[in-house]
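K.L.:
Below you will find the structure I want to go over with you.
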Amino acid sequence: MAYKDLREFLNILETNGELHRVKVEVDPILEISAITDCMCKSAGGGKALFFEKVRGSSYPVVTNIFGSFKRMCLSLGIGHLDDIARRIEDLLNQAPPKTLVEKLSMLPKLFEFSKYLPKTVRHAPCQEVIEKEAPDLSKFPILKCWPDDGQPSDEGRFITFPMVFTKDPETGRPNCGMYRIHIYDKKTTGMHWHIHKDGARHYDKYKALNQRMPAAIAVGSDPAVIYAATAPLPEAVDEMLFAGFLRREPVEMVKCITSDIEVPANSELVIEGHLDPGETRIEGPFGDHTGFYSAADYYPVFHVTCITHRKDMIYPATIVGKPPMEDCYMGKATERIFLPLMKLDFSEIKDINLPMEGVFHNACLISIRKSYPGQAKKVIHGLWGKGQMMFAKLLIVVDEDVDVQDISYTAWRVLNNVDWKRDVVIAEGPLDDLDHSANFPRYGAKMGIDATRKTREEGMMREWPQELAMSEEIRRRVDTRWKEYGF
Ligand SMILES: Cc1cc2nc3c(=O)[nH]c(=O)nc-3n(C[C@H](O)[C@H](O)[C@H](O)COP(=O)(O)O)c2cc1C
Ligand SMILES: [Mn+2]
């Protein structure tokens, strides 16, 4: 059921008519990005693109593999994004077992997670070719995405779909996060993990120990593994276990050649190396998924010690920019998959919507079953304290009868229901690294709007009005007589 690797997924895309091959030679500098941007903006996200001939490299490039609802579902082997939420709900919503028989019958369910633990293998496709003597990143078709990307001293190329593997030096726990990689030269890159992310936390620990930090950048794998690198999981949850759960088969991992970091065995390309504690260099600017350039800033430096890859490597990349782009669909998958986990902490939450225009962190609409005064404000403050929801700059809470997927209806309800003094919460706290609006980087204000119906206990001194609805009898009459009216 699980895809063996990236190329098996690409075959499925092709047989589903979801992949277009570009046969003429194209330039990895801006041209692939411009073509992909047009494709992302076409109806429903267009097709995945396979660029067979890329100037200056003997390897092909593939883009936009997740960039539609259909491809996002195909990537996770499901019919609808809610299917995974249902599997998670099924695991979570089990009444505590009362009898021994019930307890025993729970075991297979609990076992469900352990059977997805990553497995270590000794031989891996990603190590078909090993370049240890003179590793050279310039052989690979790494893209420049937007005109002002990078520094004058480099070509502005960035690895945009990297899975960065690190290990906590204290606990030995592995982490995998997607943090873009700025190419400085043949064997030196930036490491753009924001200070809030797990990779940065590992780095801080190595820094405190004054030890060199091993890391590995894997590119191209089964799509469930690529997606898992972007998922906002708690630090203690191994992304590769989560990927195993998504694909219903353990991820096979192999040890790097020059360190004991493990990477997915089915990867297309693996870049091994290390970071020296305290060494930083200007990273960026980079045309980002906000639709603006994220400013250049100091980030740790990654030194390449070895490159391994498949003989006929396929290089996957994503182009981020003004929405809708490919990553919007990955964000939508996250919205659906993580809803049951949010409901664990907030049982009143019915649904959420992270509009694509808000590029993940800028806005979140939430519907709740309200049963006590101040509950919407509790949800607002609570969400700001939960993992990457801390970045949500605007939280709008509405009653359960509002379908938050219908943005126009939600806007009408919010605009009518709000007293802007009573119902707005402004708070200060951490902001996403990519936010450019606040006076300082990574710190600023966020707003919560309680647009639920207000009660006396919440200070409302008047009766809440009734929403318009035609009487059933007249609606039925109009329905049956519709043709008589001559329409
Ligand atoms: C295409 C794409 C690019 C991303 N680039 C970065 C990045 O450069 N730096 C970063 O900190 N997060 C980036 N993210 C978000 C992280 O991958 C995401 O927050 C993830 O949950 C981090 O994993 P962690 O919690 O293990 O640190 C990116 C996400 C996507 C989809
Ligand atoms: Mn993590």
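K.L.:
If you project the alpha carbons of region 1-94 onto the principal axes, what extent comes out on each, in Å, largest first?
P.N.:
Result, largest extent first: 55, 28, 22 Å.
K.L.:
Take the Cα atoms of region 210-306, find their three principal axes, and give me the spread along each one in whole Å, biggest first.
P.N.:
Principal-axis extents of region 210-306 (Cα, largest first): 40, 36, 27 Å.
K.L.:
Do any GluC sites (Glu not before Pro) in region 395-487 lie in a DSSP loop with no more than 15 other beta carbon atoms within 10 Å, and if so, which?
P.N.:
Counting only loop positions with at most 15 other Cβ atoms within 10 Å, the GluC sites (Glu not before Pro) in region 395-487 are Glu400, Glu463, Glu467.
K.L.:
Under the Kirkwood approximation applied to all pairs of distinct alpha-carbon atoms, what is the hydrodynamic radius of region 289-405 in Å?
P.N.:
16.8
K.L.:
Still on this model: Could you tell me the ratio Rg/Rh of region 22-70? Both radii from Cα atoms, Rh via Kirkwood.
P.N.:
Over the Cα atoms of region 22-70, Rg/Rh equals 0.99.
K.L.:
How large is the charge dipole for the chain, taken about the Cα centre, if only the Cβ atoms of Lys, Arg (+1) and Asp, Glu (-1) carry charge, to the nearest 20 debye?
P.N.:
780
K.L.:
Additional query: Give me the percent of Cα-Cα pairs in region 365-487 that sit more than 20 Å apart, rounded to a whole number.
P.N.:
Across region 365-487, Cα pairs with separations above 20 Å total 55 percent.
K.L.:
Diagonalise the Cα gyration tensor of the chain and give the resulting equivalent ellipsoid semi-axes, square root of 5 times each eigenvalue, largest first, whole Å.
P.N.:
Taking √(5λ) for each eigenvalue gives 41, 26, 25 Å, largest first.
K.L.:
For region 10-162, report the % of Cα-Cα distances exceeding 21 Å.
P.N.:
Cα-Cα pairs in region 10-162 separated by more than 21 Å: 64 percent.
K.L.:
Looking at region 215-269, which GluC sites (Glu not before Pro) are in a loop (DSSP not H, G, I, E or B) and have at most 14 other Cβ atoms within 10 Å?
P.N.:
Answer in residue order: Glu235.
K.L.:
Return Met253, Met447, Met461 ranked ascending by Cβ neighbour count within 10 Å, so the fewest neighbours appear first.
P.N.:
Starting with the residue having the fewest Cβ neighbours, the order is Met461, Met447, Met253.
K.L.:
Just going by the charge dipole of the chain, with Lys and Arg at +1 and Asp and Glu at -1 on Cβ, which of Ile271, Trp412, Gly44 is farthest out on the positive end?
P.N.:
Farthest towards the positive pole: Trp412.
K.L.:
Over region 140-231, consider all pairs of different Cα atoms and compute the Kirkwood hydrodynamic radius from their mean reciprocal separation; express it in Å, one decimal.
P.N.:
Taking the inverse mean of 1/r over all distinct Cα pairs, region 140-231 comes out at 14.2 Å.
K.L.:
Projecting each Cα onto the charge dipole of the chain (Lys/Arg +1, Asp/Glu -1 at the beta carbon, about the Cα centre), which of Ala296, Val478, Leu431 comes out farthest on the positive side?
P.N.:
Farthest towards the positive end: Val478.
K.L.:
Expressed in nm to one decimal, what extension gain is obtained for the pair Phe69 and Asp148 from 0.36 nm per residue of sequence separation less their Cα-Cα distance?
P.N.:
Using 0.36 nm per residue and subtracting the Cα-Cα distance, I get 25.4 nm.
K.L.:
If you don't mind, another one. Give me the log10 of I(q) over I(0) for region 397-457 at q = 0.12, 0.14, 0.25, 0.27 Å⁻¹, as the Debye formula computes it from C-alpha points; what are the numbers?
P.N.:
Summing over Cα pairs of region 397-457 leads to -0.41, -0.54, -0.95, -1.01.
Read-outs throughout are calculated quantities, based only on the coordinates presented, and are distinct from any laboratory measurement. Keep in mind that this is a model prediction, so the values were computed, not measured. Glycine gets a Cβ as well: all are built from the backbone with ideal geometry, and neighbour counts include every protein chain shown.
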